[in-house]
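Scroll down for the structure; my scribbles are underneath it.
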Amino acid sequence: MRMNSLPEDMENTLTGSQSSHASVRDVHSINPTQLMARIESYEGREKKGISDVRRTFCLFVTFDLLFVTLLWIIELNVNGGIENTLEKEVVQYDYYSSYFDIFLLAVFRFKVLILAYAVCRLRHWWAIALTTAVTSAFLLAKVILSKLFSQGAFGYVLPIISFILAWIETWFLDFKVLPQEAEEENRLLIVQDASERAALIPGGLSDGQFYSPPESEAGSENEAEEKQDSEKPLLEL
């Protein structure tokens, strides 16, 4: 039993040494030039201050404000001219019939989201959750309590558009912006870790240092000794 266990131990030792040599070769095989290029690309993105997907989100928030503003201006022109309707909706504001508060709601979303995700570069969903919750609650209350539906098509269009845009912003941030930025940050950490491990390996290492000569054939050593013994008498003569 003991004799049988010795070959198994030797095989395990050889296997472990081969795997360690392979791992060293794998780390050393990483191209430092490629690693530095990747690190510089990621650092260049960080120096921009804002990622491409976050910039797209900020553009969509700006589009939200401009689109609601455009619809509100069209509504002012349709209902008797901008000056008269503007005085009626702003100066003589009435919660039950005015669209001015929907425009202010778009301004509120724009200011909070741009401040949080463009200026402060926030990486959390609490700001978008706040704006979406306020928008949804206000629009639901206004639709239920006001008389917008009796004022034509804009009584339907403005609340529905504002509601949809707010929830699209929430979806885009939660499923696109934050996960993609987290993935890019993880990639940067992996590349930096790989470059640090590659730097620990001396530059002179090569596959030749891990080369092991082939095993000699069985009985070759005995044959060499017998040949030397047969040559000794000839040398003495």
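The values are calculated or read from the model by the stated rules, or taken from the named source; none is laboratory data. In this text, all values refer to a predicted model and were calculated from it rather than measured experimentally. Positions of Cβ are backbone-derived with ideal geometry, glycine not excepted, and every protein chain shown enters the neighbour counts. Heads up: the accessible areas ignore ligands, DNA and RNA and are worked out on the full protein's heavy atoms, side chains in. Shrake-Rupley method; radii C 1.70, N 1.55, O 1.52, S 1.80 Å.
Using beta carbons and a limit of 7 Å, which pairs, at least six apart or on different chains, have the first residue in segment 97-120 and in contact (Cβ under 8 Å) with a residue 40 or more places away in the chain and among the aliphatic types (A, V, I, L, M) and the second one open to solvent by 40 Å² or more (accessible area, probe 1.4 Å) and part of a helix (DSSP H, G or I)?
That search, which allows pairs on different chains as well, returns LEU105/PHE138.
Given the conditions (1) in contact with a helix residue (DSSP H, G or I) (Cβ under 7 Å, 6 or more places away or on another chain); (2) assigned to a helix (DSSP H, G or I); (3) open to solvent by 10 Å² or more (accessible area, probe 1.4 Å), report the number of the one that ALA106 does not fulfil.
Unmet condition: (3).
Any residue in segment 109-130 that is among the aliphatic types (A, V, I, L, M), open to solvent by less than 60 Å² (accessible area, probe 1.4 Å) and outside any helix (DSSP H, G or I)? Can you show your working first?
From segment 109-130, those among the aliphatic types (A, V, I, L, M) are 112-116, 118-119, 122, 127-130; that's our starting set.
Then drop every residue that is not open to solvent by less than 60 Å² (accessible area, probe 1.4 Å), which leaves 112-114, 116, 118, 122, 127-129.
Those still in the list that are outside any helix (DSSP H, G or I) too: 122.
Yes, there is a match, as at least one residue in segment 109-130 is among the aliphatic types (A, V, I, L, M), open to solvent by less than 60 Å² (accessible area, probe 1.4 Å) and outside any helix (DSSP H, G or I).
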